[in-house]
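Following: one structure in structure tokens, then a few remarks.
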Amino acid sequence: MPLFNRNGEVLDLVKQRNFNLEKELQNLIENNLEEIFSCKFVASEFSTGSVHNGRIDTIAISEDNNPVIIEYKKMESSSLLTQSLYYLSWLKDHHGDFQIAVNKSLGETKVDWSAIRVICIAPDYKKYDLHAAEMMNAPIELWKYKNYENGMFSLEEISSKIVTPTPGSITKDDNSPVWTYERHFNKLGTPILKELLEELREYTFGLDESVEEAPKKLYIAYKVAKNFMCIETFKKRMLLYLKFTSEDIDKYKDVGRDVTNIGHFGTGNFEFSINGREDMELAKEVIRVSFEGIGE
């Protein structure tokens, strides 16, 4: 879709321009990882050793402490997908090397290996690559960027897949069980709470087709590039953790709790409790506020 500058009733087309060097694109993303993907930067041009003989453009960890690989191309290229798969294969066999890099960069931080994100960023993709990404059982996200001559920059996710590991895929150094939506659903102790969670889930997916569900050990995360809600389930209630601005927290302070400086599981700085049907309409309202806020 073309982009225009508006001057009164006149629209001037804003032209796109590519980066002179791929490194310019890489630096831009690395310097804004938290804002774009809610990831913490670990290393750039990370060596995979003499045997694999490669360098991963960017490694990071997500807000859920999952490992993240990012690869870039400033031109359309089929090699981006195969290269990313190659590094994904390396990462699955080199947990220790990645963990050392994380500790060196961020201090003692336990990596959660229950999920891996592989992010590809390019100006466009061939139709064969899009089809291949859909067919593969790999956590590949394809993002398309546009760089404009007026300084504007956009990123659009055009293909993604969250892969839930099977028991056989869990390596011997990862003793975590496979966490699914059903595990959290079954923690709820009453039929009404289970009904409400199903309703919340349907509502959340209905916000946008790009919404993804990512079950973790202690909560279910809902995301579009980055989490906008996490749900913890208990016998007699559910807790929602949402990403609010300071203005939103102040607006809803009488119905929830500011947990910005209070330890809790999941990501988000505002806590909202669901105990029964009477909380549902307000729950949907605060979920929408958080969802709309992640793009601001």
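The values are calculated or read from the model by the stated rules, or taken from the named source; none is laboratory data. The shown structure was predicted, so the numbers you read here are calculated from the model rather than taken from an experiment. No Cβ is skipped: glycine too gets one built from the backbone with ideal geometry, and neighbour counts run over all protein chains shown. Surface accessibility is based on the protein's heavy atoms, side chains included, excluding ligands, DNA and RNA. Shrake-Rupley method; radii C 1.70, N 1.55, O 1.52, S 1.80 Å.
Would you point out the residue of the range 191-221, among those that are hydroxyl-bearing (Ser, Thr, Tyr) and modelled with pLDDT under 95, that is nearest to Ala283 (Cα to Cα)? Of everything passing the filter in the range 191-221, Tyr219 is nearest to Ala283 (Cα to Cα). If a residue must be outside any strand (DSSP E or B), out of contact with any Asp or Glu (no Cβ under 6 Å at 6 or more places or on another chain) and either open to solvent by less than 10 Å² (accessible area, probe 1.4 Å) or among the polar types (S, T, N, Q) (or both), how many such residues does the range 52-75 contain? The qualifying residues number 2. Starting from the range 76-93, take each residue that is assigned by the TED database to the domain that holds Asn53 and list its partners that are assigned to a helix (DSSP H, G or I) and open to solvent by less than 60 Å² (accessible area, probe 1.4 Å), counting only C-beta distances under 6 angstrom and pairs at least six apart or across chains. As it stands, the answer is Ser78/Asp129; Leu81/Asp129; Trp90/His52, since those pairs meet every condition given.
Is it true that Phe4 is under 25 Å from His95 (Cα atoms) and either among the aromatic types (Phe, Trp, Tyr) or in a strand (DSSP E or B) (or both)? Considered against the rule, which asks whether it is under 25 Å from His95 (Cα atoms) and either among the aromatic types (Phe, Trp, Tyr) or in a strand (DSSP E or B) (or both), Phe4 comes out as no. Could you say whether any residue in the range 76-92 is farther than 28 Å from Gly266 by Cβ, among the β-branched types (Val, Ile, Thr), open to solvent by 40 Å² or more (accessible area, probe 1.4 Å) and not in a strand (DSSP E or B)? The answer is yes; a qualifying residue exists. Being of a type outside the set (Phe, Trp, Tyr), at pLDDT 90 or above and either open to solvent by less than 60 Å² (accessible area, probe 1.4 Å) or under 24 Å from Ala101 (Cβ atoms) (or both) is not true of Ser38.
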